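Asks: After the structure tokens below, expect a handful of questions from me.
Here, each number is a calculation from the coordinates, and none is a lab measurement. Just so we're clear, the structure is a prediction, and the values are computed from it rather than from any experiment. Neighbour counts run over all protein chains shown; Cβ positions are idealised from the backbone, glycine included.
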Amino acid sequence: MLDELAETTIDGTRKEHMDLLVSVPLLIIDDLGMRKLPMTSAEDLLEIVMRRYERASTLLTFNRPVEDWGKLLGDSAAVTAMLDRLLHHGHVLKCGPRSWRTKTEMLPQARDGLRAWPVLH
Amino acid sequence: MNLIELDRALRQLRLGGMAAVIETRLHQAQAEPMTPIDLISCLVSDELTRRSQRLLQRRQKQAQFRDPQKSLDSFDFTFNKKMNRSLVFDLATGAFIAKHEDALFLGPSSRASHRTCCHPARLSCVVPGDSHLAR
């Protein structure tokens, strides 16, 4: 999403794209922080969050603790302002600590382990 | 106007929901005593049902859910016992969307967060407006 937004700045369609992002009743930003973000990420995210604040819901999933956001987005002031708004009427759900992916990976191993167990007669 | 012409005319008027069921409804009207107003009411409600289903499908497609068929019904809460189950279900009602509140899902379990966040998103698809999933 942030990459697309950065591209729209170049091709001159940023306003239309931003209008869509700020007007939908529920915006889900999934897996933020999974890869390197563009330089303008903090500013763009702050603008989205500010314009949606108390007007529409934003749901954000982030795989890093809140303390790391400033370092990852590269702008502590923008992150503080963004978190201030998100947490004001926000619901914080802590997912984990274990990853569900490891659960599905563990199952076949556990099954193989059972098969390999020697049968006693 | 015979049935084929009627079907064509209904589709021309963009009343595909009515066109799809008109034959069945006419049989029903003949089989059981049905007043004209009841027959028309049935046809209109068929059209409305079909339109709302189409709208829901379109919004779900636009939302680009990774696992659209997955829901919280089959979700294993015992794997991460510390996860706030009541908050998950509160959020899944979608009430926070009407109140313009935000939600933050933190942690490594993206599958859990994705499924949890898609639940209210699916609900938001049935209210006016659209949901938008961005990655």
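Asks: For a label point 7 angstrom out from the Cα of A:Ala77 toward its Cβ, which stretches of the stretch A:1-33 have the backbone nitrogen within less than 20 Å?
Replies: Answer for this model: none.
Asks: Continuing with the same structure: Which whole-number value in Å³ per residue fits the convex hull of the alpha carbons of the stretch A:2-96? Walk me through the intermediate numbers first.
Replies: Working: hull volume 8.8 nm³, N = 95.
About 92 Å³ per residue, rounded to a whole number.
Asks: Treat each spin label as a single point 7 Å out from the Cα along the C-beta direction, and report the A:Val92 to A:Val66 distance in nm.
Replies: With each label placed 7 Å out from Cα toward Cβ, I get 0.3 nm.
Asks: Which FRET efficiency value, to the nearest 0.05, do you get for B:Ser45 and B:Arg66 by plugging their Cβ-Cβ distance into 1/(1 + (r/R0)^6) with R0 = 35 Å? Mind dumping the intermediate values first?
Replies: Details: r = 34 Å, r/R0 = 0.97.
Taking R0 as 35 Å, the efficiency between B:Ser45 and B:Arg66 is 0.55.
Asks: Here is a further query. Given an 8 Å cut-off on Cα distances and at least 6 residues of separation, report the relative contact order of the stretch A:2-96 as a percent. Write out the running numbers ahead of the final one.
Replies: Details: 89 pairs, mean separation 28.5, N = 95.
Computed value for the stretch A:2-96: 30 percent relative contact order.
Asks: Obtain the nm distance between the two label points defined at A:Glu4 and B:Ile37 by a simple spin-label model: each point lies 7 Å from its Cα along the Cα-to-C-beta direction.
Replies: Going from the A:Glu4 label point to the B:Ile37 one covers 4.9 nm.
Asks: Counting only other residues whose beta carbon sits under 14 Å from that of A:Lys71, what net charge do I get with K and R as +1, D and E as -1? Don't skip to the answer; put the middle values down first.
Replies: On the way: positive: A:Lys36, A:Arg64; negative: A:Glu67, A:Asp68, A:Asp75.
My count for the surroundings of A:Lys71 gives -1.
Asks: Sticking with this one: Taking amide H positions as placed in the peptide plane 1.01 Å from N, state which residues far from A:Val92 in sequence (5 or more) or on other chains have amide H under 5 Å from it.
Replies: Those qualifying (amide H under 5 Å, at least 5 residues apart or on another chain) are B:Leu104.
Asks: Right, something else. Residues with beta-carbon under 9 Å from that of B:Val21, excluding B:Val21: net charge, scoring Lys, Arg +1 and Asp, Glu -1? Mind dumping the intermediate values first?
Replies: Details: positive: B:Arg25, B:Arg50; negative: B:Glu23, B:Asp46, B:Glu47.
Every neighbour counted, the sum reads -1.
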